[in-house]
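Everything on this sheet refers to the single structure shown next.
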Amino acid sequence: MEPKKPARKRDGRDAPPSHYPKDPALYGDPTNWKYPLDTPGRARLAKRYFSDPANRRKYTPEEQLFIDQRIDAALKRFGLAPGKAPKAPKRPVRAEKAAAPLAPPLVKMPKTEAEMDQLGLEEMLLVMVGAERLARAEDIAKDRVQVEDHGSDFLLAAVKEYTVLIDGKTRRIEHDCPDFSRRSQARLFCKHIGAALLAAPPDEADALCRAVLKERDEWIFATGTRA
C-alpha cells in the first residue's frame, strides 16, 4: 500500500488556526491543516490524537499511512521514538499520588468573582495546585520545562516527559500525567501544570489561571491517553 496525501475533508480547515505554523509541510495532514508537527509537544499530541479510532476513520488506509509516516518522521526528528505515542517510564509510587495534599492549602477556593479578582498569580496557583505540589513544581529543573507556544489565552509546554496544553478559546486543558488524571475530577491542577504556568510570561499565566478559576465548571479537564 502506498501512502496518499489526504483529500479535502468536510471538517477540514481552510487556513492554519491561530498559534499554529503557516507552512503546510509542518502538518501531518497538510490539506486540512491538521496535526501540526512543528514542536515536540505538538508532535506528541498529533500521535495521541491520530491514534484515536474516531479520528483515523475519517481517512482512507492510504491517507492514514501518509499521516502516520509524517508524524513518525517528526517524532524521530525531535528524538522521540516513532511508531507509537511516547510513554512515561515506570516509577515507584510517590507521595503525590495521594488523593489530597498532606497539608491544607494556604489559600481557600474563592466563592465569588470579587474574591477571585483579589488573588495574585501565586495565590491562584496555591488554590489550583496546592502548597505541596506548587513547591514541587518550583523544584522542577528549568531545563525540564519548555514553553513551546504561549499567549494570553493559550499555553503549550513540555514538562519532563509530559505535555501541558491550556486553550482558553476552547476552554480545554489537556495533560497526561497520572496525578492529573485524579485531580482533574476535582478540577484542580498538578505540579506539571503549575510548572508550565510558572515558566510562562507572568501576565499571560495570570490571565489563563484567572480564566480557569472563574469558569472552572465550563472548562474541560482532559486527561491524556497514550496509545
**Request:** Please work out, to two decimal places, the log10 of the ratio I(q)/I(0) at q = 0.14, 0.18, 0.21 Å⁻¹ from a Debye calculation in which every Cα of the range 96-223 carries one identical scatterer.
**Result:** -0.53, -0.92, -1.32
**Request:** State the volume of the convex hull built on the alpha-carbon positions of the range 24-77, expressed per residue in Å³ and rounded to an integer.
**Result:** 64
**Fill in**
With +1 on the Cβ of every Lys and Arg and -1 on the Cβ of every Asp and Glu, the dipole magnitude of the range 24-77 about its Cα centre, in debye rounded to the nearest 20, is 220
**Prompt:** What order do you get for 171-182, 37-48 when each peptide is scored by the mean count of other beta carbon atoms within 10 Å, highest first?
**Reply:** 37-48, 171-182
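The numbers here are math on the coordinates, done by the rules we state, and not lab data. Predicted model only: the values in this text are computed from it and were never measured. FYI the Cβ positions are ideal-geometry reconstructions off the backbone, even for glycines, and counts take in every protein chain you see.
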